[in-house]
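Working notes, structure below.
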Amino acid sequence: MIDLHCDTILRICESRDAHQVEASKSLQGLRTNDFHVDLEKLRKGGSLAQIFALFVRKTEGKSSYETFLGMLDVFRDELAKNSDLVKQVLKPVRTDNQLLQAILSIEEGDVLEGRIDRVAEIASYGVRMIALTWNFENAIGFPNSLDPQAMGKGLKDFGMQLIPEMEKHGIIVDVSHLSEGGFWDVARISKRPFIASHSDCCALCEHPRNLLDEQIKAVAESGGVIGLNFCSAFLCEGSRVTRIEDLVRHAMHLYQIGGSAVLALGTDFDGIESTLEIPDVSFMPVLRDALHKAGMLESVLDAMWDGNALRVLC
Ligand SMILES: [Zn+2]
């Protein structure tokens with residue numbers, strides 16, 4: 001299995017900060033923790049590779065770039081401490097080697113601070129995808145919004161320049177969280193497959209973070225993938241529970257509209273608050289069984305579980 005999005009590194013950073021303030025607060029690391037994702041749970045869940053997002057939340061007195069560098073240190077430190085179980089890679093491969101493969105991504109293009117030269121630097125750290133925005137405007141563009149006018153806003157000039165530069169450096173453009181106007185600019189400008197690492201379907205649950213059917217088709221046409229998000233608010237309006245039946249409905253819709261090659265996983269584990277019927281990443285085979293029972297063929301499940309992500313991350 002390859003999961004395109006989790007926020008576990010943020011959780012680990014928060015636990016380290018809390019521990020510094022109050023020594024009684026337990027330290028949570030990557031090896032085992034109380035979160036949705038740790039190395040033990042990944043192994044149990046059949047993980048081949050996990051994409052770890054460095055989700056950069058605006059912090060007072062610190063630039064996004066400084067916050068990013070701090071999180072990168074924590075990521076590297078956790079990997080160094082657990083080198084018997086995990087290694088950072090640029091491209092995941094199917095292998096008999098037991099080591100889990102960890103891949104870096106960034107959620108919040110503000111890390112670039114409008115500097116095109118920073119793309120090469122960030123690529124040199126092994127970052128393979130960048131979500132252009134989170135839920136705020138930045139130098140690249142605008143986020144998803146309930147306001148149709150705001151939702152229609154496209155990429156800024158820097159955003160337009162950024163797409164080819166990212167592609168040149170092997171960094172995949174991630175449109176999750178982006179405005180619809182920005183999405184269509186990416187679709188128009190990009191020459192390589194682009195992805196929505198963690199988004200669901202608007203046709204089944206009207207939420208601005210979700211994708212319209214035309215958008216699902218556009219991602220598929222680019223050769224990209226869409227990672228199924230486990231956030232209950234994106235799966236079923238008003239629900240606080242991530243139900244397996246809703247995950248199945250959204251996966252089936254992605255398949256129907258975008259075809260098997262667009263399917264992927266983008267759990268958003270450790271970034272979501274909902275009560276989960278798939279309580280953590282070790283339970284992912286339960287979802288696979290449910291999709292199989294709903295009629296998804298093994299070959300399609302293989303594509304969704306890792307085949308498509310392997311193609312895009314090559
Ligand atoms: Zn997100």
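This table checks each residue for (1) more than 16 Å from the ligand (Cβ to nearest atom); (2) of a type outside the set (Asp, Glu).
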site: Pro143; (1), (2): no, yes
site: Glu167; (1), (2): yes, no
site: Asp174; (1), (2): no, no
site: Ser179; (1), (2): no, yes
site: Asp185; (1), (2): yes, no
site: Ser197; (1), (2): no, yes
site: Ala203; (1), (2): yes, yes
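Every listed requirement among (1) surrounded by 19 or more Cβ atoms within 10 Å (Cβ to Cβ); (2) in a loop (DSSP other than H, G, I, E, B); (3) touching a residue at least 60 places away in the same chain (Cβ under 8 Å) is met by Asp306 save one, (2).
Per the conditions (1) crowded, with 19+ Cβ neighbours inside 10 Å; (2) in contact (Cβ under 8 Å) with a residue 60 or more places away in the chain; (3) within 16 Å of the ligand (Cβ to nearest atom), the sole criterion not satisfied by Ser47 is (3).
For the structure I just gave you, tell me whether Val262 is in contact with a Pro (Cβ under 8 Å, 6 or more places away or on another chain) and surrounded by 23 or more Cβ atoms within 10 Å (Cβ to Cβ). For Val262, the condition - in contact with a Pro (Cβ under 8 Å, 6 or more places away or on another chain) and surrounded by 23 or more Cβ atoms within 10 Å (Cβ to Cβ) - is not met. Taking the condition within 16 Å of the ligand (Cβ to nearest atom) and either touching a residue at least 60 places away in the same chain (Cβ under 8 Å) or under 21 Å from Arg311 (Cα atoms) (or both), does Ile2 pass? Answer is no for this residue. Could you please find all residues in region 59-110 being in a strand (DSSP E or B) and in contact (Cβ under 8 Å) with a residue 40 or more places away in the chain? Correct list: Val86, Leu100, Gln101, Ala102, Ile103, Leu104, Ser105, Ile106, Glu107.
Residues that are open to solvent by 40 Å² or more (accessible area, probe 1.4 Å) and either in contact with a Lys or Arg (Cβ under 8 Å, 6 or more places away or on another chain) or at negative phi (or both) within region 234-251 comprise Glu237, Arg240, Val241, Arg243, Glu245, Arg249, listed in sequence order.
Scanning region 71-90 finds no residues that are more than 26 Å from Asn33 (Cα to Cα), away from the ligand (no atom under 16 Å from the Cβ) and surrounded by fewer than 14 Cβ atoms within 10 Å (Cβ to Cβ).
Every listed requirement among (1) touching a residue at least 40 places away in the same chain (Cβ under 8 Å); (2) within 16 Å of the ligand (Cβ to nearest atom); (3) closer than 17 Å to Val175 by Cα is met by Ala233 save one, (3).
Filter region 160-219 down to residues that are farther than 24 Å from Glu121 by Cα and basic (Lys, Arg) and give me whichever is least open to solvent (accessible area, probe 1.4 Å). Out of the qualifying residues, it is Arg209.
Tell me the residue from Ser63, Ser105 that is of a type in the set (Ser, Thr, Tyr) and within 16 Å of the ligand (Cβ to nearest atom), please. Break it down into steps so the answer makes sense when it comes.
Values: Ser63 fails: within 16 Å of the ligand (Cβ to nearest atom).
When all the criteria are applied, what remains is Ser105.
The values are calculated or read from the model by the stated rules, or taken from the named source; none is laboratory data. Note that the structure is predicted; figures quoted are calculated from it, not measured. Reconstructed Cβ throughout: ideal geometry from the backbone, glycine too, with neighbour counts over all protein chains shown. Note: accessible area is taken over every heavy atom of the protein model, side chains too, but ligands, DNA and RNA are not part of it. Shrake-Rupley method; radii C 1.70, N 1.55, O 1.52, S 1.80 Å.
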